[in-house]
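The values are calculated or read from the model by the stated rules, or taken from the named source; none is laboratory data. Computed from a prediction, not measured in an experiment: that's the story for all the values here. Note: ideal-geometry Cβ built from the backbone for every residue, glycine included; neighbour counts use all protein chains shown.
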């Protein structure tokens, strides 16, 4: 029982997004591949502090595509005598062993750095969370931390059929106490499956470093990742220049043909159309962001040019899986170009609406895969609020 009301806090958020995607899957305006849907996400955040050392956090989440069929029912839930289920996105215990040492265990989001390697994919209505244990040592004066974490992705002991256990673990160091360097990160990650029969060759280590530099009005950041089993790597570089309410930026990404993306927030980087994953891809980009009317409104315009890192290897989807039709044998290095635009209006302190979209032009390689070269587009309208 909580006798003190200050030991209980309730917050949450609500989001609804309408999306239209057309000709992104086949680049053929004569074929019907248009997708038009409305998705929603409603969250509660319940925080209980039974004492000064313990915290219980529970985050129920309701997600629904309007008119969608719920897999746990016999059909549609809209206009029927069936409801969509309520899921739990996060539920964990947090123990403060001291002012600097804490332990968190349960279902939780893991997100580090710029979310390029490990992110929560906030764009998704469901988003990503892990069944994990995290131990954190925080540096004094909020100058960084060292995290050690272990996550059970799949446990064979809970299934009826034989399979391999899947685990994800790592050490992540971040320091914020350097002049002109807001963040300096180093990390070691391990991802893989272990079988009682023999080791799974997909087990591998990932070593990485990331740094942010701020020489106002110029800012620069980079992240480099090297993987052991595949002898592969990726690099991501960004440069920006700030002029009052205008930010001009450019970036470059290059991922080896064998690079294995871990758990990134993909939508944040390689174009808002979400076509390509971080493997065998080169992305050259530039953009401008402007804030207006005392930051009540903003506009962001961004351009991407995608090509293959290795012209004898296939490209991959945003999920990390295979890209439909790509074998690597098709001719062409240039994959596609993409122009992204988003307009945001903050109509209250905690509520806003965003209108955005993408226009994709196939390159030689994408045209050879699909046999078509019609442009594709993506449009969305999203409103969000928090409390």
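Note on region 331-360: among residues that are within 25 Å of residue 315 (Cα to Cα) and loosely packed, with under 15 Cβ neighbours inside 10 Å, the one that is modelled with the lowest pLDDT is 331.
Residues of region 205-232 being touching a strand residue (DSSP E or B) at 6+ places or on another chain (Cβ under 9 Å), over 18 Å from residue 112 (Cβ atoms) and in a strand (DSSP E or B), which ones? Steps first, answer last, please.
Initially, region 205-232 is screened for residues touching a strand residue (DSSP E or B) at 6+ places or on another chain (Cβ under 9 Å), giving 205-214, 216-230, 232.
Filter once more, so that each one left must be over 18 Å from residue 112 (Cβ atoms): 213-214, 216-220, 228-230, 232.
Once the filter is applied, which keeps residues that are touching a strand residue (DSSP E or B) at 6+ places or on another chain (Cβ under 9 Å), over 18 Å from residue 112 (Cβ atoms) and in a strand (DSSP E or B), region 205-232 yields 213, 214, 218, 219, 220, 232.
Applying the selection to region 15-61, what residues are in contact with a helix residue (DSSP H, G or I) (Cβ under 8 Å, 6 or more places away or on another chain) and crowded, with 18+ Cβ neighbours inside 10 Å? Result: 26, 27. Of the residues making up region 213-234, those that are under 19 Å from the mean Cα position of the chain (by Cα) and under 21 Å from residue 175 (Cβ atoms) number 5.
Determine which member of the set 347, 387 is closer than 28 Å to residue 45 by Cα, over 21 Å from the mean Cα position of the chain (by Cα) and touching a residue at least 60 places away in the same chain (Cβ under 8 Å). Before the answer, list the steps.
Working: 347 fails: touching a residue at least 60 places away in the same chain (Cβ under 8 Å).
Among 347, 387, only 387 is closer than 28 Å to residue 45 by Cα, over 21 Å from the mean Cα position of the chain (by Cα) and touching a residue at least 60 places away in the same chain (Cβ under 8 Å).
Just one residue in the set 49, 45 is part of a strand (DSSP E or B) and either at pLDDT 95 or above or under 25 Å from the mean Cα position of the chain (by Cα) (or both); that residue is 45.
Of the residues making up region 105-131, those that are over 18 Å from the mean Cα position of the chain (by Cα) and either part of a loop (DSSP other than H, G, I, E, B) or crowded, with 19+ Cβ neighbours inside 10 Å (or both) number 1.
Matching residues to (1) over 29 Å from residue 41 (Cβ atoms); (2) at pLDDT 95 or above:
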position: 131; (1), (2): no, yes
position: 138; (1), (2): yes, yes
position: 158; (1), (2): no, no
position: 166; (1), (2): no, no
position: 171; (1), (2): yes, yes
position: 181; (1), (2): yes, yes
position: 189; (1), (2): no, yes
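When you scan region 311-347, how many residues do you find that are in contact with a helix residue (DSSP H, G or I) (Cβ under 7 Å, 6 or more places away or on another chain) and over 22 Å from residue 268 (Cβ atoms)?
Keep residues of region 311-347 that are in contact with a helix residue (DSSP H, G or I) (Cβ under 7 Å, 6 or more places away or on another chain), which gives 318, 325-326, 330-336.
Next, from what is left, pick out any that are over 22 Å from residue 268 (Cβ atoms): 325-326, 330-334.
So the answer is 7.
For region 286-298, the set of residues classified as farther than 14 Å from residue 358 by Cα and not in a loop (DSSP other than H, G, I, E, B) consists of 286, 288, 289, 290, 291, 292, 297, 298, listed by residue number.
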